[in-house]
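What follows is a set of notes on a single structure, which appears directly below.
Read the figures in this text as sums done on the coordinates, not as results from a lab. Given the structure is predicted, the values throughout are model-derived calculations rather than measurements.
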Amino acid sequence: MSSQNWEMSGDYIESCNCDYLCPCIYTNPQGPATHDNCIALMAFRISEGRSGDVALDGMKFAFIIRSGRVMADGNWVFASVIDETANDDQRNALSAIVGGEAGGVPSFIHGGLVGDYRGVQFKPIEFNQDGLRGSVNIPDILSYEIEGVQSRKFEGQPLYIDNVGHPANSRLALARSGHTRVHGFGVDLDMTNQGNNGHFAPFAWSG
C-alpha cells in the first residue's frame, strides 16, 4: 500500500442558501442556483487523521463559499476556519490542506474553482450531530442547524441522493435548515425558518 502525505476521515455537515433541494446537486453542478449566488457553509469533524507524523484526530475545520449563479463556472470566494484548539503543528498541517497546498480534494477546489481565497482564521468550532439533527457554530462567523428529511419507509433514516459530484461524498443525506447565518470574510447571510438546503455525510480525504 502506497504511503500518503495526509489522510483523514470523519463527518461533514452543510447548509446553503438554495431552496431544498439545491439545484447544484442534481445538475452536476451546471444549473443555476436558486438565488443570484450560492452561499454554502461546510464543516468537517475529523475522527481519524494524520499529516505525516502529526495526528489530526478530533480536529475540526470549515469552509465558507460564495459562488455565482452557476457553481461550476468557478471564481468562488472561499475562506477557511480551523479549530483554535489545534496546536502549532496541527495548525500548519491543516492550513496547508484547507488552503489547497497539500493536494487532495481541497487542492482540486482551489485549482479549478476558487478565484478569491480569503485565508484562514482560528476559532472555536462547535460541531454537533445526533441522528437526523446537526448543528455548527463558530462564534462571530457562522452558525447553522439542519435536520435530515426522514424516510417514510425507514424510521429514523434520512432520504439520500447518490452518485453526486460533491467534494464530501458521492452519497449525501438530504436535510433542511432551521437557520443559516454567516458574517465573516466579507460574506453575509441570515436565513431563519426558510427550510433551505442542507446535507450531511461521512467523508474521507487524502493527499
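Whole-Hz Karplus values for the range 123-140 come out as 9, x, 10, 9, 10, 10, 9, 9, x, 7, 9, x, 8, 9, 9, 10, x, 6 Hz, taken residue by residue from phi with 6.51 cos²θ - 1.76 cosθ + 1.60 and θ = phi - 60°; glycine and proline positions read x. Enter the angle in degrees (range 0 to 90, nearest 10) between the Cα long axis of helix 88-98 and the first principal axis of the Cα atoms of the chain, meaning the one along which they spread out most. Long axis of 88-98 versus the principal axis of the chain: about 50 degrees. Annotation: amide H of PHE203 within the under-5 Å range of GLY10, ASP11, TYR12, sequence separation 5 or more or interchain, hydrogens built in the peptide plane. If you take all C-alpha pairs in the chain, what percent of them are over 27 Å apart? In whole percent, the share of Cα-Cα pairs in the chain beyond 27 Å is 25.
Below 8 Å, C-alpha to C-alpha, sequence gap of six or more: please give me the relative contact order for the range 114-156 in percent. Here the relative contact order equals 27 percent. Of the beta bridges in the chain, as assigned by DSSP with both residues counted there, near 90 percent are antiparallel. Oblate is the label for the range 102-151. Its Cα gyration tensor axes, ordered a ≥ b ≥ c, give a/c of at least 1.5 and b/c at or above a/b. Kirkwood analysis of the Cα pair distances in the range 135-207 returns a hydrodynamic radius of 13.7 Å. When shorter helices are ignored and each DSSP H run of at least 4 residues is given -39500 (n - 2.57), the per-residue value for the chain at 222 nm works out to -3500 deg cm²/dmol. With the convex hull of its Cα atoms as the shape, the range 1-46 has an orientation-averaged projected area of 5.0 nm².
Taking the chain as a Gaussian network of alpha-carbon nodes connected by springs under 10 Å, the highest mean-square fluctuation of the residues VAL120, VAL182, VAL54 belongs to VAL54.
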